[in-house]
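Enquirer: Mind having a look at this structure? Questions to follow.
Taken together, the values in this text are just the output of simple stated rules run on the coordinates, not laboratory data. Everything numeric here is computed off the predicted structure, so don't read it as measured data. A quick note on method: Cβ atoms are made from the backbone with ideal geometry, for glycine too, and the neighbour counts reach across all protein chains shown.
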Amino acid sequence: MNKSEFLANLRAHLSVLPPEEQNELLEDYEAHFAFGLESGRTEEDIVLELGDPAELATEAIGNRYVPREHVYWFGGAEPAAVADAPAAYAAAGVYGSGADVRRRRRFTGPIIFIGLFFLNLVAVPLLISFWAVVVSLAVSAAAGIITPVLMGLEYLWHGNISAAKGFASVAAVGLGILLAVATRYGYKGMLRLSAGYLRWNVRVAKGDRQP
């Protein structure tokens with residue numbers, strides 16, 4: 001499954017939501033794909049990481065709807081009544097009045113941004129420090145792997161190499177390979193963590209929260 005198929009499938013399962021919420025969720029996943037593609041990953045790899053679109057849609061919708069089939073929105077129409085939805089939802093409306101929603105957003109919006117600001121004052125430096133560890137592992141791995149090259153240059157310069165340095169060079173290559181493996185897993189983990197944290201920030205800032 002590629003990016004277009006994934007987003008089309010996800011949109012179909014999110015059809016019970018208003019178009020505005022659908023678009024916000026899809027923009028988040030578009031950003032996730034863009035971040036992954038810029039990091040050299042394929043669309044198929046990103047789809048495998050995200051998982052099943054149906055499960056993602058179910059998690060996003062939560063318990064607001066129990067639809068039997070997809071609901072299609074046209075213009076500014078109100079949500080169609082669903083047979084399995086609670087009677088209270090049909091009577092009062094799932095989302096409340098537009099005025100109520102606007103009042104809630106005016107009140108909670110600044111609080112959310114302030115909370116995210118102070119949270120990121122701690123979280124972002126932590127992410128940077130973790131990335132610094134990954135970079136240091138990569139540099140150490142590269143240094144260990146190219147040790148024989150440095151030994152060869154020393155031999156050309158001085159004309160001889162001690163046996164101890166030769167054994168040390170072999171050990172450094174082995175250690176460099178192990179560090180390279182650790183760097184690979186660390187990079188993948190940090191990439192997933194950073195992308196997930198960015199997506200969470202965007203969703204919270206946009207007000208995409210379960211009721």
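Enquirer: In the range 1-39, how many are hydrophobic (A, V, I, L, M, F, W, C) and more than 17 Å from the chain's Cα centre (by Cα)? Quick ask: steps written out before the conclusion?
Expert: Residues of the range 1-39 that are hydrophobic (A, V, I, L, M, F, W, C), as a first pass: 1, 6-8, 10, 12, 14, 16-17, 25-26, 31, 33-35, 37.
Still in the list and also more than 17 Å from the chain's Cα centre (by Cα): 1, 8, 12, 14, 16-17.
Going through the range 1-39 one residue at a time, the tally reaches 6.
Enquirer: Sort out which residues of the range 144-165 are touching a helix residue (DSSP H, G or I) at 6+ places or on another chain (Cβ under 7 Å) and hydrophobic (A, V, I, L, M, F, W, C), and write them in order of number. Write out each step before concluding.
Expert: Taking the range 144-165 and keeping what is touching a helix residue (DSSP H, G or I) at 6+ places or on another chain (Cβ under 7 Å), we get 144-145, 147-148, 151, 161, 165.
Once the filter is applied, which keeps residues that are touching a helix residue (DSSP H, G or I) at 6+ places or on another chain (Cβ under 7 Å) and hydrophobic (A, V, I, L, M, F, W, C), the range 144-165 yields Ile145, Met151, Ile161.
Enquirer: Hey, among Gly189, Gly159, Gly196, which residue is loosely packed, with under 13 Cβ neighbours inside 10 Å and within 30 Å of Glu20 (Cα to Cα)?
Expert: Gly196
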